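Right, one structure below, let's go through it.
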Amino acid sequence: MGTSGTAERKGYNNYGTFLREKYNGQKVYKVIVDAGFSCPNRDGSKGFGGCTYCNTDSFTPELSRKLPSITEQVLQGIERAQRAYKAERFIIYFQPNTNTYGTVEYLKKCYDEALAAAPDVIVGLSVGTRPDCLDADKVALLESYCDRWDVDVEMGMESIYDTTLQQINRGCSHQEFVDAVGLFANSPIDLCIHTVFGFPGETNEMMLQYVHEINRFPQIKFVKFHHLHIVEGSILGVHYKRNPFPLFTLEEYTNLLCQLIPLLRPDIIIQRLFGISDWDLLIAPNWGLKKTLIQNYMDKEIASRNIIQGAAYDFQNQ
């Protein structure tokens with residue numbers, strides 16, 4: 001996943017600009033690593049089948065799925081990004097499944113191997129996980145890397161409503177998310193929160209409340225906004241084919257973004273406005289555009305409407 005972005009300032013704090021400024025204009029690229037972790041919502045610890053919308057192949061590059069070792073994944077990912085994108089520095093991104101689902105000793109082995117693969121060009125470690133797979137010891141392990149690398153933890157909030165979380169077989173409650181966020185109070189780790197908009201039964205006003213919940217935690221530095229998309233190999237994909245339900249059009253989703261960005265705390269950095277799977281896995285919504293064209297459309301709409309992040313943020317009541 002490239003993160004170089006465009007050169008101009010936008011109406012929101014975008015990740016590309018953040019990285020350019022942080023790393024003195026160098027091109028920074030995330031290298032995805034699949035360490036073979038499972039998920040408590042898949043292996044029977046909490047449930048089977050995972051979240052109903054999830055198929056890990058839909059967000060894991062084929063390259064990382066086929067490589068046998070962490071070191072090889074890192075080296076080949078770096079080589080590819082250098083060749084294709086002229087990337088100069090790299091963030092190691094443990095993305096598929098739940099990357100704190102293991103003992104502290106095993107996690108350390110995995111993280112150490114990845115970071116040792118190319119120490120001269122690796123600048124960061126990013127770890128994707130679930131709220132119910134974090135504890136003080138695992139946070140302490142991640143903090144131990146902060147003196148050498150920039151470390152962020154990407155944690156799925158998905159929805160703030162327990163009714164929705166139950167419907168999507170999330171396997172954890174919103175309170176468990178709140179408790180996990182509390183582990184990062186006063187931590188040097190940067191916390192990134194992942195949300196999904198468009199779950200059945202949630203209204204526009206309900207979705208805007210996500211932002212107010214995010215705003216109240218000062219330890220949240222990054223967010224990733226995704227619209228719900230239906231992919232092959234997911235439980236929701238089977239349900240959708242049998243009984244289709246409304247999903248966002250590009251215009252509808254952009255309208256939602258234009259409502260929520262002004263509400264978002266102005267210091268938070270938006271890593272993503274939307275997510276999309278590979279074409280061969282995507283069932284719906286198919287907006288008929290490549291990722292760069294979707295991004296350009298959203299950015300143009302945000303600019304043309306003079307949308308400014310934080311313009312409607314209520315400083316007094318936060």
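The values are calculated or read from the model by the stated rules, or taken from the named source; none is laboratory data. Just so it is clear, the model here is predicted, and its values are computed rather than measured. Note: areas computed on protein heavy atoms with side chains; ligands, DNA, RNA excluded. Shrake-Rupley method; radii C 1.70, N 1.55, O 1.52, S 1.80 Å.
The per residue volume of the convex hull around the alpha-carbon atoms of the stretch 254-318 is 103 Å³. Taken over the stretch 193-260, the alpha-carbon convex hull comes to 104 cubic angstrom per residue. Each Cα pair under 8 Å and six or more residues apart adds its sequence gap; the mean of these over the residue count of the chain is a relative contact order of 19 percent. Averaged over its residues, the chain has an accessible area of 45 Å² per residue, based on protein heavy atoms and a 1.4 Å probe. Residue pairs exceeding 29 angstrom between C-alpha atoms, taken from Lys221/Lys241; Lys109/Lys290; Lys30/Lys138: Lys221/Lys241; Lys109/Lys290. Each residue of the chain gets 133 Å³ once the volume of the Cα convex hull is shared out per residue. Distance between the C-alpha centres of the stretch 27-47 and the stretch 148-197: 15 Å, rounded to the whole angstrom. Considering helices alone, the calculated mean residue ellipticity of the chain at 222 nm is -10000 deg cm²/dmol, with DSSP H runs of length four and up weighted by -39500 (n - 2.57) and normalised per residue.
Counting only whole DSSP H helices of the chain, there are none at least 24 Å long by C-alpha along their axis and with mean Kyte-Doolittle hydropathy no lower than 1.6. Surface composition of the chain: carbon and sulfur atoms hold 51% of the protein heavy-atom accessible area at a 1.4 Å probe.
Kirkwood hydrodynamic radius computed over the stretch 59-155 comes to 13.9 Å, based on all pairs of distinct alpha carbons.
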